[in-house]
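Colleague: Have a look at this one.
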Amino acid sequence: MLVGRDREVEELEAALAQLATGSGSLVLMAGEPGIGKTRLATEAALRAKARGLRVSWGQCWEAGGAPALWPWREAYQGLGVAFPEARALAGADPAESRFELFRDATAGLLEVAPCVIVLEDLHAADRSTLMLLEFVATQRALPLLVIGTYRELEASLSRDTAASLGRAGRHAKMFVLARLREAEVAALVHDAIADADAKLTASVFATTGGNPLFVGEIVREWRATGATDQIPLGVREVIRQRLALISPEARRVLEIGAVFGVEFAREDVTRIEPRAAAVLEEAQRSGFVTTRGARFRFTHALYREALYHDLVRALRHELHREAALVLRTHGAPLSEIAHHLLEAGPDAAPEAIEHAIRAADQAVAVFAFEDATALLERARSAIPAGADEAAQRCRVMIAQGELQLRSGDAAGRAVCVEAATLARSLANPALLARA
Ligand SMILES: Nc1ncnc2c1ncn2[C@@H]1O[C@H](COP(=O)(O)OP(=O)(O)OP(=O)(O)O)[C@@H](O)[C@H]1O
Ligand SMILES: [Mg+2]
């Protein structure tokens, strides 16, 4: 059931009706975790389908490491439209080539328009994804409704992300989802517990503050234990308590999954923990994950976060390293492997830097300069102190200089000169030659 959100649903219906007349729009849904962004987007998707429209979803990868433009590529795939290949235009500057890529991308959608694309969790989007969103937001003549969701606070933590969403927002219908009112919470409680009395609904409202995710959690707890007096105050506490209900084996498998991300492959986790197959069923029964074929997905991003953040550092490093090894065996994107190595602690640093440089190279090839910059920035901060420190710094510097030159930033020359000076002082001819 969907409670409340009447105004939002009305506006979504208007956007869908407008789509039928050939003009598109952008709707952005912002709010705290568990407030109902995905739920409302699902409602929009259902209503779109009822009108015979195609709907496709793209998920931003909260665990990091996704290739540039990933959510768009995923959404295109869902629509059966090939995402265009980047082509370097002779004589054009990189920004122009990117513009062309975006134009090709929107033109490709005309085959299937009118349609709806839901981009989930844009607070975790890569820069290119947001730039394409900004571009699409201005293309009113394109019969496409884009619905983007994001967590407000998380988005505000990155200045670039916040600025980009702000610019896109100027062309968007903006929903900032509020917490549910007491009557709406009561309706949710009654839906789960038919004979809930006023005392129970009032107590659930007080404890949850009207966050629907928390309401769901607390109702589940009440149904399991019949008690409300043990209800913990914060949802993290609720989640920890729920996690305490599963076996240590299941928890370990979920921890491995959490390192991979909100979604993970059964096979990948099983490579690290051979008994995973059996316990994943338990994890599924207890509502932590759902299956999609051979993949599992945390039923809520908060579960993944709680598990991930409670990992002790040494184990977290070890699991990231193992994840990188597993992903390498089946040719996962370099950016993803680099991400895991960069999170795998100082021992993995040389390999992490190597991969990050190569992944940055790949990002540059599709004009995702900001993603490449971010990777190299992470590589630079991953350089551990020690004998090799200066040489590593020199390598990353060369890559950064090259990136700047390729993106049309003349300052790259000075960076290469500085790298050359450093290589000379290190008496390292190979690095000197590259610089
Ligand atoms: N208006 C609503 N009516 C009924 N149930 C709701 C409503 N809004 C949210 N829920 C339920 O609350 C839970 C959390 O909602 P949802 O997953 O949509 O949150 P979210 O804002 O997408 O969170 P996150 O930022 O973590 O992705 C889900 O189980 C969802 O079905
Ligand atoms: Mg969501």
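Every number in this text was worked out from the coordinates using simple rules, so none of it is lab data. Because the structure is a prediction, the values reported are computed rather than measured. Neighbour counts are summed over all protein chains in view; Cβ atoms, including those assigned to glycine, are modelled from backbone coordinates with ideal geometry.
Colleague: By count of other Cβ within 10 Å, fewest leading, how are 310, 195, 6 ordered?
Modeller: 195, 6, 310
Colleague: Sorting 1, 397, 29 on the 10 Å Cβ count, fewest up front, what's the list?
Modeller: 1, 397, 29
Colleague: Residue by residue through region 253-268, what is 3J(HN,Hα) from phi via Karplus (6.51 cos²θ - 1.76 cosθ + 1.60, θ = phi - 60°)? Round to whole Hz and write x for glycine and proline.
Modeller: Couplings: 5, 5, 4, 4, x, 4, 5, 5, x, 5, 10, 8, 8, 3, 4, 5 Hz.
Colleague: Under the classification rounded if a/c is under 1.5, otherwise prolate if a/b is larger than b/c and oblate if not, where does the chain fall, given a ≥ b ≥ c as square roots of the Cα gyration tensor eigenvalues?
Modeller: oblate
Colleague: While we're here: Among 381, 128, 247, which comes first, second and so on when ranked by fewest other beta-carbon atoms within 10 Å?
Modeller: So the ranking, lowest neighbour count to highest, is 381, 247, 128.
Colleague: Using the Karplus curve 6.51 cos²θ - 1.76 cosθ + 1.60 with θ = phi - 60°, what ³J(HN,Hα) values do you get for each residue of region 413-421, in whole Hz, with x for Gly and Pro?
Modeller: For region 413-421, the Karplus-derived couplings read 4, 4, 5, 5, 5, 5, 5, 5, 4 Hz, x marking Gly and Pro.
Colleague: Tell me the relative contact order for region 6-176 as a rounded percent, counting alpha carbon contacts under 8 Å between residues six or more apart.
Modeller: With pairs under 8 Å counted, the relative contact order is 37 percent.
Colleague: OK, next. Let a ≥ b ≥ c be the square roots of the eigenvalues of the Cα gyration tensor of region 326-435; is it rounded (a/c under 1.5), or, if not, prolate (a/b larger than b/c) or oblate?
Modeller: The shape class here is oblate.
Colleague: Mean residue ellipticity at 222 nm from the helices of the chain, using -39,500 (n - 2.57) per DSSP H segment of n ≥ 4 over the full residue count, to the nearest 500 deg cm²/dmol?
Modeller: -18500 deg cm²/dmol
Colleague: List the residues of region 331-371 whose backbone N lies under 16 Å from a point placed 7 Å from the Cα of residue 85 along the Cα-to-Cβ direction.
Modeller: Residues 365-367 fall inside that zone.
Colleague: Please pull out the direction-averaged projected area of region 6-176, using the convex hull of its alpha-carbon atoms, in nm² to one decimal place.
Modeller: 9.6 nm²
Colleague: Another one. Any chance you could check the Cα centroid distance between region 351-380 and region 305-325 for me, in angstrom?
Modeller: If you average the Cα positions of each part, the centres end up 22 Å apart.
Colleague: Skipping prolines and chain starts, which residues have an amide H placed within reach, meaning under 5 Å, of the one on residue 27, given they are 5 or more residues away or on another chain?
Modeller: 146, 147, 148, 173
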